[in-house]
Structure formats: C-alpha cells, structure tokens
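Data block below; observations after.
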Amino acid sequence: MTYRDAQAKLLAYVQDRIHNGELTERGLARQIGISQPHVHNVLKGVRNLSPEIFDSILEHFQMSLLDLAPAEDVEASLRRRRTMERTAEAAFLVGPIGPGARWQPGIDRRRRFPLPFAALRPPPELVMAHLAPDPDMRATLGRADIALLDISERQRREIVPEGVYVVSHQEQALLRYVRPGSSRYYLVTDSNADQPLEWEQLVISAADLADTVKARVRWIGRERDRNLLMRQRGRFLYDAISR
C-alpha cells in the first residue's frame, strides 16, 4: 500500500462517518485544530491532505496505518518477509549454560533454532545453548534465555575485553568477561566489573586458555520469539565478520 492509497482510505473512512451522521466537518475540524473550510476542501480533493493533518486524523480516531491496510495485505506482507528470512537452524548443546551447570559439549540435533542471520547451512563452529538464570550477568543477558555460541579455537584463544565467554570454572559453565593479568586471567561479571578485587582468578597459562574457555557468545535472545522477524528475536554481542 502506498501513501496515496493510505490517504484515499483515510478520506473514504472520514466521509463514511460523516454520511452516516456519526461526525460533522465542523466537529472534526475542531478536534484536529484546523478550520472547517479546510476540512471541507480536503475531503473534496480541492486541497491536499498534508502528513500533519493525516496524522492528526489518525490520532483522533485512535488508528494507525495498519488499520488502513486490508488484513489480507498485511498477512501477505508478513508471509513474504518470513519467506525472505528463512535461514538455516543451529542445533542446541545437550546441557544449559549458567550457575550449577557443567559444560557438556554434546549436541542435541533434534532441537534447533533459526540462525539470526541469513545462511544456507549452519557454520560448524556455531551452536545454540539454553541459558540458566545468572543474577551476576543480568545487565548483559536481560531476559535472554538462549545464546548462539562460537566454539572455534580462534575465538576461544583470542580473548578480547568486550567479549562474553563460556568459561568452565569450578565444575560450572559460566558466562563471563575475561581479563588478562601478568601471570593469570580474571573472570568478570556485570556485578563486579568496577571492583577488580572481587574478580575470580584463573591461574592458567595462555596455552591452556582454549581448554578453559569453551566458547564466545555471539548472539542472545529468547526461545519463545523464534517466529518473530529476525531482527526482533535478540541481539548480537559481536559481529563475527569483523573478528
């Protein structure tokens, strides 16, 4: 539907209300703050319906542009968008990530979730994971309950300050930021990011880092949103193309 189509639909709606005695030109003019002759000329096509008046009329009737479009057109548009966004699906890890959960590298190929970007097949280094609630990472995770993980050795070895990683620590698979020190690494949460004395220590060498860091989190979202448009399902924590 074009803007001209929407204008015509709205004018026809107003004219029907006037013809049915539900509305007068004078009353509409008073409600939207313009003169009655201006309303008359707009309805007769003598003057153009400006975007400002268009919006004022929509607001007066508590309508939106979607109300002007036929339901079948809206449904067809949504179907087209979903078809265009069809993409490969990544399988889930067998176990969740978070406090009290151990790292389990097995894959449950019966459970899958659409990738948050267009792809004909899932890259082998990407897997989905369910997230257990973690009160120390609320600022980063928000309401997310699933994550897309990059388990490639490069992402596990090339640690960056802004990265969120799955770290196997004290028999748990935790989402943490990782900071390097002179002789060790430190695990950082949203809760203690500004309190270095509270950071947990990882006394391991750089060579052993990839064995402790299991994955980097690329994207987080909610499983219940799988049928929404791609950009509405969650958010990226980093762009893999630039790394």
Subject >> Those residues of the stretch 196-208 which are surrounded by 16 or more Cβ atoms within 10 Å (Cβ to Cβ) and either closer than 23 Å to residue 96 by Cβ or within 9 Å of the chain's Cα centre (by Cα) (or both), in sequence order >> reply: 202
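Considering 43, 23, 28, which residue is without any contact (Cβ under 8 Å) to a residue 40 or more places away in the chain, surrounded by 14 or more Cβ atoms within 10 Å (Cβ to Cβ) and not in a helix (DSSP H, G or I)?
23
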**OP:** Only one of these is in contact with a strand residue (DSSP E or B) (Cβ under 7 Å, 6 or more places away or on another chain) and of a type in the set (Asp, Glu): 200, 158. Name it.
**Re:** 200
Subject >> Check on residue 229, surrounded by fewer than 19 Cβ atoms within 10 Å (Cβ to Cβ), more than 24 Å from residue 170 (Cα to Cα) and in the same structural domain as residue 111 (by TED's automatic domain parsing) >> reply: yes
Original post:
Just to be sure, is residue 75 modelled with pLDDT under 80 and more than 25 Å from residue 5 (Cβ to Cβ)?
Top reply: no
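Yes/no matrix, rows are residues, columns are (1) among the hydrophobic types (A, V, I, L, M, F, W, C); (2) closer than 30 Å to residue 212 by Cα:
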site	(1), (2)
5	no, no
19	no, no
28	yes, no
41	no, no
50	no, no
94	yes, yes
**OP:** Look through the stretch 159-185, keep the residues that are without any contact (Cβ under 8 Å) to a residue 40 or more places away in the chain and under 30 Å from the mean Cα position of the chain (by Cα), and return whichever of them is surrounded by the fewest Cβ atoms within 10 Å (Cβ to Cβ).
**Re:** 161
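Kindly evaluate residue 241 against the criterion of being surrounded by 12 or more Cβ atoms within 10 Å (Cβ to Cβ) and modelled with pLDDT under 95.
Numbers: surrounded by 12 or more Cβ atoms within 10 Å (Cβ to Cβ): no; modelled with pLDDT under 95: yes.
No: the conditions fail for residue 241.
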**OP:** Confirm whether residue 141 is closer than 16 Å to residue 193 by Cβ and in contact (Cβ under 8 Å) with a residue 60 or more places away in the chain.
**Re:** yes
Subject >> Qualifying residue in the stretch 116-135 (condition: assigned to a helix (DSSP H, G or I) and more than 18 Å from residue 216 (Cβ to Cβ)) >> reply: yes
**OP:** Six or more apart or on different chains, Cβ under 9 Å: which pairs go from a residue in the stretch 191-202 that's farther than 17 Å from residue 135 by Cα to one that's of a type in the set (Lys, Arg)? Could you list them?
**Re:** 196/179; 201/184; 202/184
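The values are calculated or read from the model by the stated rules, or taken from the named source; none is laboratory data. Everything numeric here is computed off the predicted structure, so don't read it as measured data. Glycine gets a Cβ as well: all are built from the backbone with ideal geometry, and neighbour counts include every protein chain shown.
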